[in-house]
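Asker: Structure provided below as structure tokens; questions to follow.
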Amino acid sequence: MGDTGQVNVRVRSTDDLLAVAEALEQEAASRYRSLAARMARQGDMEMTALFDMLAGMEDRHASQIGDRSLARLGHKPDLSRAKWETPPGYDEDESRGAELGAYQALAFAVRNEERAFAFYSYLSAEAEDSEIRALAENLARDELQHAALLRQYRRRAFHAKRPATFEMPENVDDLRVLARRWDAEAAAAHAALAAELHFRGENADAAIFQRLSEEEARCADTIPAGSVPKLRSAADGLRIIEESFDRYASIAERARDEALMEEAQHFSGKMVARLATFGGARSNMLLGPAAIEDASG
């Protein structure tokens, strides 16, 4: 996603965690309102209403976290404990365009929830203090539910965006052929992106997309690439994987044959693994080089 800004945040106590949690909810609400305003300017009132609803949901969660802090600690969260360089409201490359499509906006929203989920999951895994661990697990579960809801909206936008090009295989063999072709196209696109990122000096991202390209090429086997999309940024490279996940998830939802449904779910799982590879290799977007110190409280 390009340089979205890393968070140098240190969580040493429940107080710290609740402050970070409330700040993240407030940040998400602000971003969703920004997206709602942009959708309104573009005349997409359905997306405007959706992002307004999401902003309200984040406001309520921020308020609930404040109430939880008051009940546990006797005071509201001290947001001065949660300072960081805030990432932009959506990817810089996306913001340059004349319009931000519904799929792009929802893809950002999903990534926003996933980065919070990854942060809380990391903290829960690393925390030695049982109270911090339990609270982080609950917060991670909330973010995972938000992301699941947004993926449903994103899949609808995927179908609205590409109704003519969506291919529904009739059986498992057809799906496997399609999967190899899609992998071939992704491999070629990611290889070209890796070369471009390396040329621009973005060597860390270049290495990640080169590894993804090599994996995709192995899965494609000997099938040649057909239409290869031109990618400008790491955000574009990530979006290909997200679209593949949505494509396989949609096939699984529509499949009437159980074997086809299970195979589509298998491929969607592979896309999740690739997304995890991307996020893990680049480090959690919420974490700086020394992000969390002494999570033992």
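Asker: Mind checking whether some residue in region 161-174 is crowded, with 19+ Cβ neighbours inside 10 Å, part of a helix (DSSP H, G or I) and in contact (Cβ under 8 Å) with a residue 40 or more places away in the chain?
Answerer: Among the residues of region 161-174, not one is crowded, with 19+ Cβ neighbours inside 10 Å, part of a helix (DSSP H, G or I) and in contact (Cβ under 8 Å) with a residue 40 or more places away in the chain, which makes the answer no.
Okay, residues lined up against (1) without any contact (Cβ under 8 Å) to a residue 24 or more places away in the chain; (2) surrounded by fewer than 21 Cβ atoms within 10 Å (Cβ to Cβ); (3) aromatic (Phe, Trp, Tyr):
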{"position": "Arg176", "(1), (2), (3)": "no, yes, no"}
{"position": "Leu197", "(1), (2), (3)": "no, no, no"}
{"position": "Arg200", "(1), (2), (3)": "yes, yes, no"}
{"position": "Ser213", "(1), (2), (3)": "no, no, no"}
{"position": "Glu216", "(1), (2), (3)": "no, no, no"}
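Asker: Mind checking which residues of region 180-203 are of a type in the set (Lys, Arg) and either within 25 Å of Ala264 (Cα to Cα) or in a helix (DSSP H, G or I) (or both)?
Answerer: Here is the first cut: in region 180-203, the residues of a type in the set (Lys, Arg) are 180-181, 200.
Within region 180-203, Arg180, Arg181 qualify.
Asker: Output the number of the condition that Tyr248 fails; it satisfies all remaining conditions of (1) within 22 Å of Tyr153 (Cβ to Cβ); (2) more than 24 Å from the chain's Cα centre (by Cα).
Answerer: Among (1) within 22 Å of Tyr153 (Cβ to Cβ); (2) more than 24 Å from the chain's Cα centre (by Cα), the lone unmet condition for Tyr248 is (2).
Asker: Which of (1) modelled with pLDDT of 90 or more; (2) surrounded by fewer than 17 Cβ atoms within 10 Å (Cβ to Cβ) does Tyr32 not meet, given it meets every other one?
Answerer: (2)
Asker: Scanning region 204-234 for residues that are aliphatic (A, V, I, L, M) and outside any helix (DSSP H, G or I), which turns out nearest to Arg154 (Cα to Cα)? Walk me through how you get there before you give the answer.
Answerer: Keep residues of region 204-234 that are aliphatic (A, V, I, L, M), which gives 204, 206-208, 212, 217, 220, 223, 225, 228, 231, 234.
Filter once more, keeping what is outside any helix (DSSP H, G or I): 223, 225, 228, 231.
Values: Ile223: 29, Ala225: 26, Val228: 23, Leu231: 20 Å.
Among those that are aliphatic (A, V, I, L, M) and outside any helix (DSSP H, G or I), it is Leu231.
Asker: Return the residue satisfying two criteria in turn: it lies in region 254-268 and is free of Cβ contacts under 8 Å to residues at least 40 places away in the same chain and not in a loop (DSSP other than H, G, I, E, B), and of such residues it is farthest from the chain's Cα centre (by Cα).
Answerer: Going through region 254-268, the residues free of Cβ contacts under 8 Å to residues at least 40 places away in the same chain turn out to be 255-256, 258, 261-262, 265-266, 268.
Retained after the next criterion (residues that are not in a loop (DSSP other than H, G, I, E, B)): 258, 261-262, 265-266, 268.
Values: Glu258: 29, Met261: 24, Glu262: 24, Gln265: 19, His266: 20, Ser268: 15 Å.
Filtering first and then ranking leaves Glu258.
Asker: Could you figure out which of (1) over 23 Å from the mean Cα position of the chain (by Cα); (2) loosely packed, with under 13 Cβ neighbours inside 10 Å isn't true of Ala40?
Answerer: In the conditions (1) over 23 Å from the mean Cα position of the chain (by Cα); (2) loosely packed, with under 13 Cβ neighbours inside 10 Å, Ala40 misses (2) alone.
Asker: Among the numbered conditions (1) within 20 Å of Arg72 (Cα to Cα); (2) in contact (Cβ under 8 Å) with a residue 40 or more places away in the chain; (3) in a helix (DSSP H, G or I), tell me where Glu128 comes up short.
Answerer: Evaluating Glu128 over (1) within 20 Å of Arg72 (Cα to Cα); (2) in contact (Cβ under 8 Å) with a residue 40 or more places away in the chain; (3) in a helix (DSSP H, G or I) leaves (3) as the failure.
Listed here are the residues, each with its yes/no results for (1) more than 25 Å from Asn138 (Cβ to Cβ); (2) modelled with pLDDT of 85 or more; (3) of a type in the set (Ser, Thr, Tyr); (4) outside the structural domain of Gly237 (by TED's automatic domain parsing).
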| position | (1), (2), (3), (4) |
| --- | --- |
| Ala40 | yes, yes, no, yes |
| Met53 | no, yes, no, yes |
| Asp67 | no, yes, no, yes |
| Pro87 | no, no, no, yes |
| Phe117 | no, no, no, yes |
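Asker: Restrict the check to region 235-244 and report whether at least one residue is assigned to a helix (DSSP H, G or I), over 30 Å from Asp16 (Cβ atoms), at pLDDT below 80 and not assigned by TED's automatic domain parsing to the domain that holds Glu128.
Answerer: Yes; the residues of region 235-244 include at least one that is assigned to a helix (DSSP H, G or I), over 30 Å from Asp16 (Cβ atoms), at pLDDT below 80 and not assigned by TED's automatic domain parsing to the domain that holds Glu128.
Asker: Mind listing whichever residues of region 60-78 are crowded, with 17+ Cβ neighbours inside 10 Å and in a helix (DSSP H, G or I)? Please lay out each step first, then the result.
Answerer: From region 60-78, those crowded, with 17+ Cβ neighbours inside 10 Å are 61-62, 65-66, 68-69, 77; that's our starting set.
Those that are crowded, with 17+ Cβ neighbours inside 10 Å and in a helix (DSSP H, G or I): His61, Ala62, Ile65, Gly66, Arg68, Ser69.
Asker: Which number in (1) under 30 Å from Leu54 (Cα atoms); (2) at pLDDT below 85 marks the one condition that Glu128 misses?
Answerer: In the conditions (1) under 30 Å from Leu54 (Cα atoms); (2) at pLDDT below 85, Glu128 misses (1) alone.
The values are calculated or read from the model by the stated rules, or taken from the named source; none is laboratory data. Quick caveat, the model's predicted, so the values are computed rather than measured. So basically every Cβ, Gly included, is an ideal-geometry build from the backbone, and we count neighbours across all protein chains shown.
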